[in-house]
1. Which entries in the list 35/131; 50/164; 33/55; 33/127; 33/108; 77/164 go over 20 Å, if you measure between the two C-alpha atoms of each?
2. What accessible area, in Å² to the nearest ten, does a 1.4 Å probe give for residue 70?
3. Can you give the accessible area of residue 67, probe radius 1.4 Å, in Å² rounded to 10?
4. I'd like the Karplus ³J(HN,Hα) series for region 82-95: coefficients 6.51, -1.76, 1.60, θ = phi - 60°, whole numbers in Hz, and an x wherever there's a Gly or Pro.
5. Tell me, what ³J(HN,Hα) does each residue in region 22-37 have, in order and in whole Hz, if you take phi through Karplus 6.51 cos²θ - 1.76 cosθ + 1.60 with θ = phi - 60° and put x for Gly and Pro?
6. For the pair residue 31 and residue 78, what calculated FRET efficiency results from E = 1/(1 + (r/R0)^6), where r is the Cβ-Cβ distance and R0 = 22 Å, to the nearest 0.05?
7. Tell me the Kirkwood radius of region 23-166: reciprocal of the mean inverse pair distance over distinct alpha-carbon atoms, in Å.
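The values are calculated or read from the model by the stated rules, or taken from the named source; none is laboratory data. Remember, predicted model here, so these are calculated numbers, not experimental data. All Cβ positions, even for glycine, are placed from backbone atoms using ideal geometry, and neighbour counts span all protein chains on display. Ligands, DNA and RNA are stripped out before the accessible areas are found, and what is left, the full protein with its side chains, is counted by its heavy atoms. Shrake-Rupley method; radii C 1.70, N 1.55, O 1.52, S 1.80 Å.
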Amino acid sequence: MRKIVIALSVMMLVVLTGCGKLDLVIHDDGSGKGKFSVDLSGMISADELKEELEKEITNANADAGKEVIRLDSFKEKDGKVDATVSFDSLTALSGGEDSLLATVADMKRLYPERINELVEAPGDIEKIADKPVVYLNLDDDMEITVTVPGNILYATGGTAAEGKPRTLQLASDEAVIVYEPSANRSWMVWIGVLLAVIIAAYIIYRKGRFRNAASGTKGGSAPNA
């Protein structure tokens with residue numbers, strides 16, 4: 001399978017260092033970040049690791065025909081490296097092959113066998129058909145956690161982290177995560193804008209600007225000659 005992406009970055013880190021940790025955070029719109037922590041153990045220098053990581057990211061973007069992943073930070077201290085990559089679309093990372101954000105209904109059409117593993121009764125799938133689902137095929141040689149933008153409803157390939165209903169601790173190289181999306185807060189944004197307008201209007205009014213504009217020039221019209 002074609003593993004452009006985080007998968008490539010993860011694999012490179014594993015090959016070069018032999019151990020590491022990845023915390024993958026996915027946002028509502030499918031964008032997200034991958035935070036790597038790696039113990040170099042004297043096997044390779046930080047500069048060499050950064051060079052290889054940048055090379056793999058460049059190759060991933062070239063394969064995709066656009067920028068799908070970028071290196072945001074790279075820090076080394078006492079033989080340990082912390083690096084962060086970000087992406088705008090989980091699906092674009094691998095063209096939907098190894099990383100995908102879709103609905104359960106779409107996932108059912110693409111990978112029915114994986115969706116069927118989520119629930120005991122096939123009919124239950126219809127009840128969650130419109131829920132968002134994350135599919136990942138990553139290298140499982142690292143310790144990997146995946147945090148989705150909502151409480152996990154069903155998942156395969158790992159177990160929910162204790163006290164973290166949105167985070168899955170991966171136990172295999174494939175994971176399917178169905179979650180309850182965050183409530184639509186667009187109405188809250190509009191209410192916030194409206195309140196801001198009302199408050200601004202009130203302040204202006206208190207300063208007398210509205211009163212002056214409404215009353216016009218003091219003294220009325222010029223007297224007749």
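1. Where the Cα-Cα span goes over 20 Å, the pairs concerned are 35/131; 50/164; 33/127; 33/108; 77/164.
2. 60
3. Approximately 110 Å² for this residue.
4. Once rounded to whole Hz, the list reads 10, 10, 10, 10, 10, 8, 8, 8, 4, 5, 5, 4, 10, x.
5. Here the 3J(HN,Hα) series is 10, 10, 9, 10, 10, 9, 4, 8, x, 7, x, 9, x, 10, 9, 10 Hz.
6. 0.10
7. 16.9
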